[in-house]
2 protein chains.
Amino acid sequence: MYTETAMLGLDAPLRASERAYRQLRGEIVSGLLAPGTALLEVEQAERIGVSRTPLREAVARLIADGLVVGRRGRGFEVTDISVDSISELYELRQALEVQAIRLAATRRDPAPFLALRDAFVTAPELLDQGDIGVRRYYVLIDELEDALDAAVENPFLVGALRAVRTHLARIRRLARRNPLRLRAAAAEHLLIIDAIIAGDPSLAAHATHIHLHQSLLSVLAAIDEDSASSRSTTAAD
Amino acid sequence: MYTETAMLGLDAPLRASERAYRQLRGEIVSGLLAPGTALLEVEQAERIGVSRTPLREAVARLIADGLVVGRRGRGFEVTDISVDSISELYELRQALEVQAIRLAATRRDPAPFLALRDAFVTAPELLDQGDIGVRRYYVLIDELEDALDAAVENPFLVGALRAVRTHLARIRRLARRNPLRLRAAAAEHLLIIDAIIAGDPSLAAHATHIHLHQSLLSVLAAIDEDSASSRSTTAAD
DNA sequence: ATTGCGGTTTCTGTATACACAAGAGTGATC
DNA sequence: GATCACTCTTGTGTATACAGAAACCGCAAT
């Protein structure tokens, strides 16, 4: 999703409004601008190095993305993420991903998923290689998502999925990753991929349902843990 | 998503950008601005009576809504609606509505749906009353959607649903309504409402699935018919 | 007749200036 | 001492001016 910047490797003179949008968006998703942060037009325009006009356009897009909310009269602020909103996001995510994967399995074009299958088979070994292994694993996830988007061939659905993934990226930063969970997730992904290759929409849908259920449990548990430990050892990190 | 504006029901002096957004949006959804229509900033700003700055903000929001696409260098244009895109929209709609109704049935708060149930029971009689009856039927549909949104209690899901409904409104204008279909649809809605009241998510989901399947078939058939008749009697309407 | 080139024109993208509204701070009055 | 009002500051909403780029038109040359 935020690889979009990397994809246009050309240093084409980006519009100021686009620059502002990407920077703010990146800073919000990466957590650099914490939820609840109040943002003033002049202040941000100055910081980013654009004038207020393109900045306002950028903010309008961020509001549409749901990353920012306008405040009555006085600037705008970064939307915050409550535990409730995580569950809610997963309710939407489940609807979208189950449908996407069901469609991908129905389309019956296994080719793009065969290579991914091999990669996910060896994922456990990858996850033994520490931090860089984990990073490469996430690249794999990105590739799976891209293959899925391509297979679905539905701009509406893919657009909605992309919006969800943006919010998901914010949530991921809230909780440290659990290595055991990553292994289990890899296995779940493998099952989903196999179902797509086999052209079994029902199996793929159910597998996705379960995968997301486990994923949500894991995220909520990780957040609980984090908030508990940060309560006891406040300055730990 | 764009409920922020609806919430201030007061006739407070609307911002120019908001006025421009609503007017353009209304004109696009109502078909007054046909798909493919090219729009120029200065031209539109003049027509609506705002300056270019708020107009650009309005257009940015319309682009985010998917109602408008920017063109390389030369203004923007109203997105068009292909038959393919209708099926695609329904793939998304199905995912969202099935999930929404499943959740509404799970929440188990039948109160708001009891009155709606009565209304839908008498819907067939309503549909005998000609045009104003049909109009009142559509008001009923709106109320059902509102009750559903409230029951779902999920901003993400409701937001996505609202976006879909916007596009749906455009599609509806493409095909004349079939009275027989409306009667059948009313019965389908009744079944869904009953399932929600009974707190049976699975039944509600399946009923919705079928309802949307029939709805899509009807829309596609109506469009086929229209385009066929307009081919033979070109200037008929 | 067609194609290439240059001038012109129009339109976008951006900056900035101005007006108005909301809040905070201060002073005066009760 | 507290409260209210006024002003001053700050920030948004809008208009407009300016610059750069892209399309259009005409002209000419092959």
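Coordinate-derived values only; no laboratory data. Just so you know, these numbers come straight off a predicted model, no measurement behind them. Virtual Cβ from ideal backbone geometry, glycine too; neighbours counted across all protein chains shown.
Computed quantities for the displayed model
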item: Base-10 log of normalised Debye intensity for region B:83-232 (one unit scatterer per alpha-carbon) at q = 0.10, 0.16, 0.19 Å⁻¹; result: -0.34, -0.89, -1.24
item: Electrostatic dipole magnitude of region A:83-232 [Cβ: Lys, Arg +1; Asp, Glu -1; Cα centre; debye, to 20]; result: 280 debye
item: Relative contact order (%) - criterion: Cα under 8 Å, at least six apart; region: chain A; result: 23 percent
item: Other-copy label distances relative to B:R117, 7 angstrom Cα-Cβ extension, nm; result: 4.9
item: Computed Kirkwood radius, in angstrom, where 1/r is averaged over Cα pairs of the protein assembly as shown; result: 24.7 Å
item: Cα-based radius of gyration of region B:52-156 once divided by 2.2 N^0.38 Å, which approximates compact folds; result: 1.47
item: Sorted largest first, extent of region A:149-215 alpha carbons per principal axis (Å); result: 35, 27, 16
item: Pair A:D226, B:V83: separation of 7 Å Cα→Cβ label points (nm); result: 5.0 nm
item: Using a 7 Å Cα-to-Cβ projection, A:N178 label spacings across copies, nm, ascending; result: 5.1
item: Between helix B:16-29 and chain B: long-axis angle, C-alpha atoms, 0 to 90°, nearest 10; result: 60 degrees
item: Unit charges at the beta carbon, dipole of region A:1-155: most positive-side option, A:F76, A:G66, A:V29; result: A:F76
item: Charged-residue dipole, Cβ positions (Lys, Arg, Asp, Glu), the protein assembly as shown about Cα centre, Debye nearest 20; result: 940 debye
item: Net charge of neighbours whose Cβ lies under 9 Å from the Cβ of B:Q214, counting Lys and Arg as +1 and Asp and Glu as -1; result: 0
item: Dipole of region A:91-237, positive end: most advanced residue of A:I132, A:N178, A:A151 [Cβ charges, Cα centre]; result: A:N178
item: Note, ³J(HN,Hα) from phi for region A:119-135, Karplus 6.51, -1.76, 1.60, rounded to Hz, x at Gly and Pro; result: 4, 6, 5, 8, 4, x, 4, 4, 6, 7, 8, x, 4, 5, x, 4, 4
item: Degrees separating the helix B:83-107 axis from the principal Cα axis of chain B, which is the longest one; result: 50 degrees
item: Teacher prompt: A:S85 distances to equivalent labels in other copies, 7 Å Cα→Cβ, nm; result: 3.0
item: Amide H partners (placed H, <5 Å) of A:L39, local residues excluded; result: A:F76, A:E77, A:V78
item: Average partner coverage of B:83-96, which counts Cβ from other chains inside 10 Å; result: 5
item: HN-Hα J in Hz across region A:171-182 - Karplus 6.51, -1.76, 1.60, θ = phi - 60°, x for Gly and Pro; result: 5, 4, 6, 6, 10, 4, 7, 9, x, 4, 4, 4
item: Phi to ³J(HN,Hα) by Karplus 6.51 cos²θ - 1.76 cosθ + 1.60 over region A:62-70, Hz, x for Gly, Pro; result: 5, 5, 4, 6, x, 8, 9, 10, x
